[in-house]
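Before any comments, here is the structure.
The values are calculated or read from the model by the stated rules, or taken from the named source; none is laboratory data. Keep in mind that what you see is a predicted model, and the values were worked out from it rather than measured. Counting neighbours? That spans all protein chains shown, and the Cβs are built from the backbone with ideal geometry, glycine included.
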Amino acid sequence: MSEPILSLKKVNKKIGKKHIIKDLSFDVYPGEVFGFLGPNGAGKTTTIRMIVGLTNITSGEILVNGNSISKNYKKAIENIGAIVENPELYPYLSARKNLIHFARMSNNVTKEDIQHRLELVNLEHVKDEKVSRFSLGMKQRLGIAQAMLHNPKILILDEPTNGLDPAGIRQMRDYLRKVAKEEGIAILVSSHVLSEMELMCDRFAIIQKGELVQVEDVSNEDQVDLANPHMIEVNDVEKAKNLLQNEYPDLTIEIQDSIIRVKATKEQIGSIITYLTSNEIIVYQVIKEKQTLEDRFLQATNGEVS
Ligand SMILES: Nc1ncnc2c1ncn2[C@@H]1O[C@H](COP(=O)(O)OP(=O)(O)OP(=O)(O)O)[C@@H](O)[C@H]1O
Ligand SMILES: [Mg+2]
C-alpha cells in the first residue's frame, strides 16, 4: 500500500480528569473510504476535532500527509477538507454562489473547478436554486463540494448520514465512493450506525470508550479459524441433530424447520458434512450466515455497546 495520508500515533486526549481518548492509532490511505465507528460518546467527534486542529492533543501525534497537525498546522491542514458539525452555508444564496463565496477564501479555484464539484455531488441541475429550498441531503452534498474546493487529499466527515432518510444515505454512499475512487482522495467518515457504513466503507476502525477495538476490511470475510453460524439443510433434521450431538458434543446445534444451525469453523463444517452423508443423511445445502458489521462489532466488544 502507498503512504498513509492520515496517521494517528498513540493519540491521547484528557479533559480535566477525564481520559477521553486512549492510545488511539490508525492509518487512512489515499482512495479509501474509512469508517470511524463507535457508539454515542465513544470519542469520535473528539478525535476528529484533534485531527482538524480544533482541539489540542494531550499526547501522541497526528500526521496529515506527513505533517504534524500540532507542530506544522498550516501544512497539515492544507490537505484536509472537513465538515465537523453542520456545513456552513448561506441559505439565501444559490448552490453555485455559495461555492463562489467559499472559493474566495482559497487560492486558485476556477469556475471550472466549481462546475466540476457541483457535478461530482450531483447538484449541477439545481445549482442556481437557493440553498434554503434544499433538502438535508442536498445541503450535505453541497457541504462536501465546499469542503473539497481547495483539492484536499483527505475529506473528514463527522456523522454525515445523521438525519438522512434511506434514499439520502444511499446517495451519500454512492457519491462518497465515487469521490474516493475518481479523485483518489481518502475519506474518513464517522458514524454510530454500523449498518449504514457496511456498504459505504472499504475499511473501518471501531472505538469504544476512547479505545480502539479493532481495524479491519469490510470485505474481510471472517478468518478461516473462526467459528461462524452455518445453516445445513437436510432431509431428516431430528436424526441429523442426534447424530451431530453425539459426535460433536461441544457444538451448539439448533433446529429451524428443515435446517440445522451450527456455529462451526470451516474445517468442522467439512467433517460434519462427511459425517452426515456417511450416515445416510441427505445434505441439500450449506449456507454460511454472513456476519454483518453489527455482528462483528458486538463480537469485538463482547456485546457491550457503550
Ligand atoms: N469539552 C468536553 N469536556 C468534558 N468532556 C467532554 C468534552 N467533550 C467531549 N467530552 C466527553 O468525551 C466523550 C466522547 O465524546 P464525543 O463527543 O467525542 O463522542 P462521539 O463518539 O462523537 O459521540 P456521538 O456519537 O454522540 O457523537 C464523552 O464522554 C463526552 O462526554
Ligand atoms: Mg460525535
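Here are the numbers for the structure shown:
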{"item": "Set Lys263, Lys241, Lys290: member being assigned to a strand (DSSP E or B) and basic (Lys, Arg)", "result": "Lys263"}
{"item": "Leu63 vs. criteria at pLDDT 95 or above, assigned by TED's automatic domain parsing to the domain that holds Leu155 and within 16 Å of ligand 1 (Cβ to nearest atom)", "result": "no"}
{"item": "Residues (of a type outside the set (A, V, I, L, M), in contact (Cβ under 8 Å) with a residue 40 or more places away in the chain and under 26 Å from Arg141 (Cβ atoms)) located in the stretch 50-87", "result": "Asn65, Glu78, Asn79, Gly81, Glu85, Asn86, Pro87"}
{"item": "Cβ pairs under 6 Å, 6+ apart, first in the stretch 38-49 and under 17 Å from Lys18 (Cα atoms), second of a type in the set (S, T, N, Q) and near ligand 2 (Cβ under 8 Å from one of its atoms)", "result": "Lys44/Ser190"}
{"item": "Condition check for Gln115: at negative phi, surrounded by fewer than 16 Cβ atoms within 10 Å (Cβ to Cβ), outside any loop (DSSP other than H, G, I, E, B) and among the polar types (S, T, N, Q)", "result": "yes"}
{"item": "Single residue of Gly137, Gly163, Gly168, Gly143 found to be within 16 Å of ligand 1 (Cβ to nearest atom) and either free of Cβ contacts under 8 Å to residues at least 24 places away in the same chain or among the small types (Gly, Ala, Ser) (or both)", "result": "Gly163"}
{"item": "Residues of the stretch 168-184 satisfying the condition of being touching a Pro at 6+ places or on another chain (Cβ under 9 Å) and either outside any helix (DSSP H, G or I) or among the polar types (S, T, N, Q) (or both)", "result": "Gly184"}
{"item": "Subset of the stretch 1-42 [near ligand 1 (Cβ under 10 Å from one of its atoms) and crowded, with 22+ Cβ neighbours inside 10 Å]", "result": "Lys13, Ile21, Phe36, Leu37, Gly38, Ala42"}
{"item": "Residue list for the stretch 37-60, filter: within 16 Å of ligand 2 (Cβ to nearest atom), touching a Leu at 6+ places or on another chain (Cβ under 9 Å) and modelled with pLDDT of 95 or more", "result": "Gly43, Lys44, Thr47, Ile48, Met50, Ile51"}
{"item": "Among residues of the stretch 80-105, those that are out of contact with any Phe, Trp or Tyr (no Cβ under 7 Å at 6 or more places or on another chain) and either farther than 30 Å from Lys18 by Cβ or of a type in the set (Ser, Thr, Tyr) (or both), counted", "result": "15"}
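Yes/no per residue for (1) at pLDDT 90 or above; (2) away from ligand 2 (no atom under 16 Å from the Cβ):
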| site | (1), (2) |
| --- | --- |
| Ala82 | yes, no |
| Asn98 | yes, yes |
| Asn108 | no, yes |
| Asn122 | no, yes |
| Lys127 | yes, yes |
| Tyr175 | no, yes |
